[in-house]
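The values are calculated or read from the model by the stated rules, or taken from the named source; none is laboratory data. Because the structure is predicted, anything quoted here is derived from the model rather than measured. Because the Cβ atoms are built from the backbone with ideal geometry, glycine has one as well, and the counts that use them run over all protein chains shown. Protein only, heavy atoms only, side chains kept; ligands, DNA and RNA dropped before computing areas. Shrake-Rupley method; radii C 1.70, N 1.55, O 1.52, S 1.80 Å.
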Amino acid sequence: MKKRLIYNGIIVNENRRYEGYVIIEGTRISAVKEGKFTGKKDEYDTATDAAGGYIVPGAIDDQVHFREPGLTHKGDIHSESRAAVAGGVTSYMEMPNTQPTTTTPEALAWKHETAAANSLANYSFYLGATNTNFDVIEKADIRKVCGIKVFMGSSTGNMLVDSQEMLVRLFSSSPLLIATHCEEESVIRENMKRYKALYGDSLTASAHPAIRSAEACYASTAKAVELAHKYGGRLHVLHLSTRRETELFDARPVQAKAVTCEVCVHHLWFTDADYAEKGNFIKWNPAIKTQADRDGLREALKKGRIDVVATDHAPHTLEEKRRPYLEAPSGGPLVQHSLTAMMDLAEQGIFTPETVVEKMAHTPARLFNVRERGFLRPGYFADIAVITRKEPWTVTSDNILYKCGWSPFEGHAFSCRVTHTFVNGTPVYDNGVLDEEFRGMALEFDR
């Protein structure tokens, strides 16, 4: 059993920040200590000098699209988990809109087998809901499946759930958390029709937030929240993008909530003013909207109405993104830079490091009841990131690890950087070097 030390750092954990060190034995944390390390480093198999940087629990990303099976020209479980680990993301929950979709036990088992053979990070997979697969959902193993993904209004493959009967069954009887993508398709269709009539093929990404509008988001989110309250379902609304949506949620501790929500890094970082420079490279669904929306999301996150920060990591190739607006797909890669970007915002004083750790590690662990992860606690799995401060570095094509080869942050100089990532006690990432032989574990849930 390997014994490892991480020392000379600032521990950020459970709403505290203090000088300290962490001791790892095997896959688990054996001690979290306050103060300087004064022991003998040669008593450990490895001793990692945090060099005054932050020592934090690894991020748990509750919404990624790693594109396998069927879309592996964009990304795959191996390539995107490498990028995740390089960014301090030690666990992820992957979405079902692959080809084929993950709506059957067989498809779910295939993903688990593929991740066990290829993923450098820990993993779980959502089951996708359709109008006809409630029998699969009600038999799902609640200790191994993170949740049920429901597309309400906006369709993906066969996963549009527009049957009122199925929605009632889901919200009244699902054994698992229901995670929803909330955009009202009828509103979007009308907006698209109007903008095409006005601008035709000359439409650019700057029209995206008007087409996939704030009204479309609010209408769908309000409907999901109403269903959850009416039928008692456990609802988690993904990727809020507007200030108004945040008013549908309250600021109680996450353990006391039946309705929770998430915001993604890009909605906290960019605004609609950035379409002029970034174009399709910041084209996401839901769309990035106004500065007022971004500021409202930031404020709701600080006040506790928003529970989780995630990525909606969804890579597309450069060729796909360079197509005209109407042909370019929505989505972009983020897992390598999400924790760095959030800590950068903390350095700017927008958030605190404690808030970043709370929203990217502690709360996802609590919300999904992840077993023994998400905190620096003795006995917990040693999923840990070390982050330097005030050492600027620039995102370039040479240091991007996504299979698609690009990032919306390309050219940006961050003030923080993930230098080390430990997954289940193993130093899987060390200053640009990955342990390619390491494999993560399936997440388990205390339910």
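Quick rundown of the values:
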| read-out | value |
| --- | --- |
| Test result for Met441, surrounded by 20 or more Cβ atoms within 10 Å (Cβ to Cβ) and touching a residue at least 24 places away in the same chain (Cβ under 8 Å) | no |
| Verdict on Lys36 being of a type outside the set (Gly, Ala, Ser), outside any strand (DSSP E or B) and either surrounded by 21 or more Cβ atoms within 10 Å (Cβ to Cβ) or touching a Lys or Arg at 6+ places or on another chain (Cβ under 8 Å) (or both) | no |
| Complete set of residues in the stretch 51-68 that are surrounded by 24 or more Cβ atoms within 10 Å (Cβ to Cβ), outside any strand (DSSP E or B) and touching a helix residue (DSSP H, G or I) at 6+ places or on another chain (Cβ under 7 Å) | Gly58, Phe66 |
| Residues within the stretch 391-426 that are open to solvent by 10 Å² or more (accessible area, probe 1.4 Å), of a type in the set (Val, Ile, Thr) and farther than 27 Å from Tyr7 by Cβ, tallied | 3 |
| Selection from the stretch 173-223 of residues that are outside any helix (DSSP H, G or I) and in contact with a Gly (Cβ under 8 Å, 6 or more places away or on another chain) | Ser174, Leu176, Leu177, Ile178, Ala179, Cys182, Glu183, Glu184, Thr204 |
| Matching residues in the stretch 321-353 - criterion: being in a helix (DSSP H, G or I) and over 18 Å from Arg212 (Cβ atoms) | Ser338, Leu339, Thr340, Ala341, Met342, Met343, Asp344, Leu345, Ala346, Glu347, Pro353 |
| Where a residue in the stretch 346-365 is under 15 Å from Arg389 (Cβ atoms) and its partner, wherever it lies, is in a loop (DSSP other than H, G, I, E, B) and open to solvent by less than 10 Å² (accessible area, probe 1.4 Å), with Cβ under 9 Å and at least six apart | Ala346/Cys416; Glu347/Cys416 |
| Leu268 being within 26 Å of Gly304 (Cβ to Cβ), in a helix (DSSP H, G or I), over 21 Å from the mean Cα position of the chain (by Cα) and in contact (Cβ under 8 Å) with a residue 60 or more places away in the chain | no |
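So that you can scan it fast, the table gives a plain yes or no per residue for (1) more than 30 Å from Val370 (Cβ to Cβ); (2) open to solvent by less than 30 Å² (accessible area, probe 1.4 Å); (3) of a type in the set (A, V, I, L, M, F, W, C):
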residue	(1), (2), (3)
Val161	no, yes, yes
Val168	no, no, yes
Glu190	yes, no, no
Ala205	yes, yes, yes
Leu227	no, yes, yes
